[in-house]
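Quick one: structure below, then a few questions.
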Amino acid sequence: MTTNSAVISLAPDETEVYKSRSFWMDAAMHFSRDRLSMTALGMIILLTVLCFLGPPVVENILGVDVSRTDLINRYRPPGEGNLLGTDQLGRDQFIRLLYGGRISLSIAYAASALSIIIGVTVGVLAAFYGGKVDDIIIWFLNTLESVPTIFLLLIAATVWSPSPQVLILILAALGWVGTCRLVRGQVLSLKERDYVLAARAIGASDRRLMISHILPNTLSIVIISLTITAGTLILIESGLSYLGLGVQPPTPTWGNMLTESRSYFVAGTHLVVWPGALITLTVLCFYLVGDGLRDALDPKSVRGRA
Amino acid sequence: MGKYIIRRLIQSIPTLFGITIISFLLMLAAPGDPVTLITFNPTSTPEATERLRRQLGLDQPPLVQYVFWLIGNDWTQIDVDGDGTGDIYGTRQGFLRGDLGQSLQHKRSVTDLIAERVPATLQLMLTALIVGYLAGIVLGILSAVYNRQWFDQFTRVLSVFGNAIPAFWLALLLIIIFSVNLKVLPMGGMRDVTRPEVGFDIAERIRYMIMPVFVLALGIIATVSRYVRAEVIEVMGQDYIRTAYSKGLPQSKVIVVHALRNALIPVAAMLGPALGSLLGGAVIIEQVFAWPGMGRLVINGVFQRDYPLIMGAVVIGAVFYILGVLLSDILYAWIDPRIRFS
């Protein structure tokens, strides 16, 4: 989709006088003007970089170690030496938060990427072929959706012992439903368009129709869905970890740090506050970016309205 | 209308079967043998284990086990001693007749266990649902009326936060503030078990419910207020509202009598999904506040690998959810006749 807004330029170069922008450039410009979403995106990038690259640097500068216990300095409040205080075993909370974030974020990123892949594939196939295939897939979706996710997660986490890899698979296996529905709806309308008919008429195969003609047009939905899913999966993972069904201690994740803090919160309030605050901040940022992307990528939404 | 209800009821049957099949398959995939939970005893002989397996029907092929779970096995005989002839009549009534089997951990009927816990969970969920909807609708209307003013901004921030904040963390924070520091609300539980002589005291019950209900309701407030705001703003732009104004009606009357009727229709349709998220949320919140409901029962069952209990609870949870969605669809169709005929 191109906008035909002609930009009158004073540049001497004639070729630059009428420059039309592509759909993606337009969306990017719109998004970059959205200050709230840009801040949220920056926050996500900052947190990710901190968690993935930060730990060795922080360990060197502050002289702390993720697994070193120090029973004399337990429950130290945030301050000198330990930026965010120490936990019930005297471990430095800041560095544990970074390591925990690395695992929580990896799980969320990998699981949401995987669930998007499943959701898009199944959604495109269901809508494209229709008929029996579609009926079965829709029945399956309805079934999955009528059990509150947490129950299925509970069963799955009981059945398979929760290592990060298993958690990624479980979360992905249950997280694709929403994306699948969205993509299916989009493809249902796309496949009736004239350009698809034209491509079919010149002999394009089903595979080519799906991959080259239909898939690119679902991209904006997929990107929005990816951000929202990532946020939701962080919430779900933290909930599972909190119940003791996620990644097991001593490996830290934001969720299981909260489980541990629950037993000690009279002595160490800071142990409750920080992991939860990071979860909230991250999820909030993902949702805000998702909202911003929706505004930027949806041609129907009225641009410029807050 | 009757036709519509019957059609929707029939539509939900395959879904329910799907749930039983999926949870049964997951159970089958579980490593280890449920029997080991009962025979966790060094003096237990292999013969005794084998007898127990037969008695529980675990030596049957998966499909037969599923059928037994579904319709019971009291019509067939079970060969306990392994001599080829049936010794006792089966003891299960099956899910379809309301028997969910025996809990391995509690050694009691799963149906009874769940039935005991359901009222507590429902009490929590329904209160949260009512509080959430009322508060959400009021906030949504005010937010639409004061569109783009500070109250509106406040509500919108609240609704974004309400969806992003982990419920269990908020619960912990509330406990720290109101129970540990201010000591005004109880940390958890449903009533004061140290003073059984007091009996039923409504004020006490409410005190115990304030925090769990608030945490559960927050998610609903967030979603409902957003929808109501958007709907009211949209409806307020329509011609019949302008007509109402031009008749000289006061704003409060225009909103309450004219606009709300149409604005609330889509909100009714959200009742089903709201029930689902409440049910999921209740599992975690009951754990945080030690609320003696179904959620706590399930989580304990999960840690004990009590498969019949987990499966029973999942299926019952799904039944509740399906019924809730059905009710909300019926309500929707009743409010908006266009739905019935599409």
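For the subset of the range A:138-177 comprising residues that are aromatic (F, W, Y) and free of Cβ contacts under 8 Å to residues at least 12 places away in the same chain, which member is farthest from A:G119 (Cα to Cα)?
Looking only at the range A:138-177, we keep the residues that are aromatic (F, W, Y), and these are A:139-140, A:151, A:160, A:176.
If we keep only those that are free of Cβ contacts under 8 Å to residues at least 12 places away in the same chain as well, we get A:139-140, A:151, A:160.
Values: A:W139: 15, A:F140: 13, A:F151: 21, A:W160: 23 Å.
In this case the residue turns out to be A:W160.
Table: residues versus (1) more than 27 Å from the chain's Cα centre (by Cα); (2) hydroxyl-bearing (S, T, Y).
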position: B:T111; (1), (2): no, yes
position: B:A128; (1), (2): no, no
position: B:Y146; (1), (2): yes, yes
position: B:S159; (1), (2): no, yes
position: B:I165; (1), (2): no, no
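Quick check: anything in the range B:264-279 over 20 Å from B:Y227 (Cα atoms) and either surrounded by fewer than 21 Cβ atoms within 10 Å (Cβ to Cβ) or within 10 Å of another protein chain (Cβ to nearest Cβ) (or both)?
Checked the range B:264-279: at least one residue is over 20 Å from B:Y227 (Cα atoms) and either surrounded by fewer than 21 Cβ atoms within 10 Å (Cβ to Cβ) or within 10 Å of another protein chain (Cβ to nearest Cβ) (or both).
Being assigned by TED's automatic domain parsing to the domain that holds B:L216 and open to solvent by 50 Å² or more (accessible area, probe 1.4 Å) narrows it down to one of B:Y146, B:Y133, so name that one.
B:Y146
Test B:I330 against the stated conditions and say whether it is touching a residue at least 12 places away in the same chain (Cβ under 8 Å), surrounded by fewer than 23 Cβ atoms within 10 Å (Cβ to Cβ) and of a type in the set (V, I, T).
Here the answer is yes, as B:I330 does meet what is asked.
Which of the numbered conditions does B:I255 fail, given that it passes all the others? Conditions: (1) over 18 Å from B:A128 (Cβ atoms); (2) open to solvent by 20 Å² or more (accessible area, probe 1.4 Å); (3) not small (G, A, S).
Condition (2) is where B:I255 drops out.
OK, next. Within the range B:296-310, how many residues are open to solvent by less than 10 Å² (accessible area, probe 1.4 Å), facing chain A (nearest Cβ under 9 Å) and either in contact (Cβ under 8 Å) with a residue 24 or more places away in the chain or under 14 Å from B:L122 (Cβ atoms) (or both)?
2
Next up: So the check is Cβ under 9 Å with 6+ separation or different chains; which pairs have a first residue in the range B:160-182 that's under 18 Å from B:W291 (Cβ atoms) and facing chain A (nearest Cβ under 7 Å) and a second one that's charged (D, E, K, R) and assigned to a helix (DSSP H, G or I)?
Final answer for the pair search is B:F168/A:R262; B:L172/A:R262.
Of all helices (runs of 4 or more DSSP H) completely enclosed by the range A:186-271, which ones contain at least 1 residues that are of a type outside the set (V, I, T), within 14 Å of chain B (Cβ to nearest Cβ) and surrounded by fewer than 19 Cβ atoms within 10 Å (Cβ to Cβ)?
In the range A:186-271, A:254-262 are the helices (runs of 4 or more DSSP H) which contain 1 or more residues that are of a type outside the set (V, I, T), within 14 Å of chain B (Cβ to nearest Cβ) and surrounded by fewer than 19 Cβ atoms within 10 Å (Cβ to Cβ).
Of all residues in the range A:118-141, which are surrounded by 18 or more Cβ atoms within 10 Å (Cβ to Cβ) and either more than 18 Å from A:V196 (Cβ to Cβ) or among the basic types (K, R) (or both)?
The answer is A:G119, A:V122, A:I137, A:L141.
Continuing with this model, one more query. Could you say which residue among B:I330, B:I316, B:I335 is within 28 Å of A:Y242 (Cα to Cα) and of a type in the set (V, I, T)?
Working: B:I330 fails: within 28 Å of A:Y242 (Cα to Cα); B:I335 fails: within 28 Å of A:Y242 (Cα to Cα).
Only one candidate qualifies: B:I316.
The values are calculated or read from the model by the stated rules, or taken from the named source; none is laboratory data. All values reported here derive from a predicted model rather than from experimental measurement. All Cβ positions, glycine included, derive from the backbone under ideal geometry; neighbour counts span all protein chains shown. Quick note on the areas: whole protein, heavy atoms, side chains included, nothing else; ligands and nucleic acids left out. Shrake-Rupley method; radii C 1.70, N 1.55, O 1.52, S 1.80 Å.
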